[in-house]
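The values are calculated or read from the model by the stated rules, or taken from the named source; none is laboratory data. These numbers were taken from a predicted model, which means no experiment stands behind them. Glycine also receives a Cβ, built like all others from the backbone with ideal geometry; neighbour counts cover every protein chain displayed.
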Amino acid sequence: MKSMTGHGRGDAVVKGVRAVVECFSVNRKQSEVTVAAPRDLAWMEPRLREEVLKRVARGKVQVSLVVERAPAAAAVLIDPRRAADFLREARALQKKLGLTGEVRLETVLSAPGVLRAREETGPDTWPLVKRALDGALEAMLAMRAREGAHLKKELLGAVARMEKLVKRIRVLAPRVPKRQRESMLRRLESARLPLDILDPRLATEIAIFAERCDITEELERLESHFAQSRQNLAADGPVGRTLEFLAQEMGREWNTAGSKANDAEISRLVVDAKAELDRLREQLANIE
């Protein structure tokens, strides 16, 4: 299980050319990859996205790419247009000022923009970038795994605490019909109604109440959701969406149990359980 938060950096160097890639990942319900690269490397963006999506199932990943070259690794280009423009302007100025002599070649070559380094970013550059990207992804995924291990402990703790609350509620639930029977008898006695405790009408009312406040099925479904959550937390692949669905179902069962129980102590325990569920949901927002 992995978190969606992480960072990694990778670099690779071949023949004086160095590629540096950084990957940042944050929470996002779906998978999304954005790439920041120089204009001459823009053709690599689809490949970079594809490689990231192979290894990241959920979250937003930002990829930055820089390719650096040592001076010896860069070819030199002459811009003929800039050279011609400079020479024309220089001769015009020379004529205007009445100066003699020729504009030397070294003077033209030293003009700004006439000489520039040509950075080769053709298909041969991709293997170098791919190596740097692999290193960045490995580091980012390792960080996501470490964070995921920490979140796993938190999530298992929340599930365990809810399991304990279910056990306490199971002990309390059978007393609810009994208390209702005693309450009805007290009301009958205070009203001085001649109704025998064995009267079938009284038994029917108590049976109807017992059926309405029975939360056995809700508790059983909660325990099933807890077991499924543990199984998913032990899995290696992406489990965030499945766990979010289970948390949603837990919320429904807790709400139903709280409304049906008709018991103050059980209601307090349900409130505690829903607080644990809220904490669990907050942590699930970080799970891939």
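Restricting segment 31-50 to residues that are buried (at least 18 other Cβ atoms within 10 Å of the Cβ) and outside any strand (DSSP E or B), which is modelled with the lowest pLDDT?
Among those residues, the one meeting the criterion is Leu41.
Residue check, Ala247 against (1) among the small types (Gly, Ala, Ser); (2) more than 22 Å from the chain's Cα centre (by Cα); (3) within 29 Å of Thr5 (Cβ to Cβ), all met but one. Which one?
Failing condition for Ala247: (2).
Any idea which of (1) more than 20 Å from Gly59 (Cα to Cα); (2) at pLDDT below 95 is the one His225 doesn't satisfy?
(2)
Those residues that are surrounded by 15 or more Cβ atoms within 10 Å (Cβ to Cβ) and not aliphatic (A, V, I, L, M), I need them from segment 128-153; list them, please.
Residues satisfying the conditions are Lys130, Arg131, Asp134, Gly135, Arg144, Glu147, Gly148, Lys152.
In this structure, does Arg9 turn out to be of a type outside the set (A, V, I, L, M) and either over 30 Å from Phe245 (Cβ atoms) or at pLDDT below 85 (or both)?
Details: of a type outside the set (A, V, I, L, M): yes; either over 30 Å from Phe245 (Cβ atoms) or at pLDDT below 85 (or both): yes.
It is true that Arg9 is of a type outside the set (A, V, I, L, M) and either over 30 Å from Phe245 (Cβ atoms) or at pLDDT below 85 (or both).
Does Ala12 meet the test of being in a helix (DSSP H, G or I) and surrounded by 12 or more Cβ atoms within 10 Å (Cβ to Cβ)?
Considered against the rule, which asks whether it is in a helix (DSSP H, G or I) and surrounded by 12 or more Cβ atoms within 10 Å (Cβ to Cβ), Ala12 comes out as no.
Name the residue, out of Ser64, Ser25, that is out of contact with any Phe, Trp or Tyr (no Cβ under 6 Å at 6 or more places or on another chain), among the polar types (S, T, N, Q), surrounded by 17 or more Cβ atoms within 10 Å (Cβ to Cβ) and modelled with pLDDT of 90 or more.
Ser25
Here are Thr121, Thr125: which of them is at pLDDT below 85, closer than 21 Å to Arg39 by Cβ and either over 56 Å from the mean Cα position of the chain (by Cα) or not acidic (Asp, Glu) (or both)?
Exactly one residue qualifies, and that residue is Thr121.
I'd like the full set of residues that are part of a helix (DSSP H, G or I), surrounded by fewer than 14 Cβ atoms within 10 Å (Cβ to Cβ) and under 60 Å from the mean Cα position of the chain (by Cα), limited to segment 77-112.
Answer for segment 77-112, where residues must be part of a helix (DSSP H, G or I), surrounded by fewer than 14 Cβ atoms within 10 Å (Cβ to Cβ) and under 60 Å from the mean Cα position of the chain (by Cα): Pro80, Arg81, Ala84, Arg88, Glu89, Leu105, Glu106, Thr107, Leu109.
Could you pull out the residue among Glu265, Glu205, Glu211 that is in the same structural domain as Arg170 (by TED's automatic domain parsing), at pLDDT 90 or above and not hydrophobic (A, V, I, L, M, F, W, C)?
Answer to the check: Glu265.
From the list Ala173, Ala158, pick out the single residue that is at pLDDT 70 or above and more than 20 Å from Ala261 (Cα to Cα).
Ala158
All but one of (1) part of a strand (DSSP E or B); (2) touching a Pro at 6+ places or on another chain (Cβ under 8 Å) hold for Val20; state the number of the condition that does not hold.
(2)
Answer yes or no as to whether Lys54 is under 30 Å from Glu282 (Cα atoms) and either in a helix (DSSP H, G or I) or of a type in the set (Lys, Arg) (or both). Spell out the reasoning first.
Details: under 30 Å from Glu282 (Cα atoms): yes; either in a helix (DSSP H, G or I) or of a type in the set (Lys, Arg) (or both): yes.
Yes.
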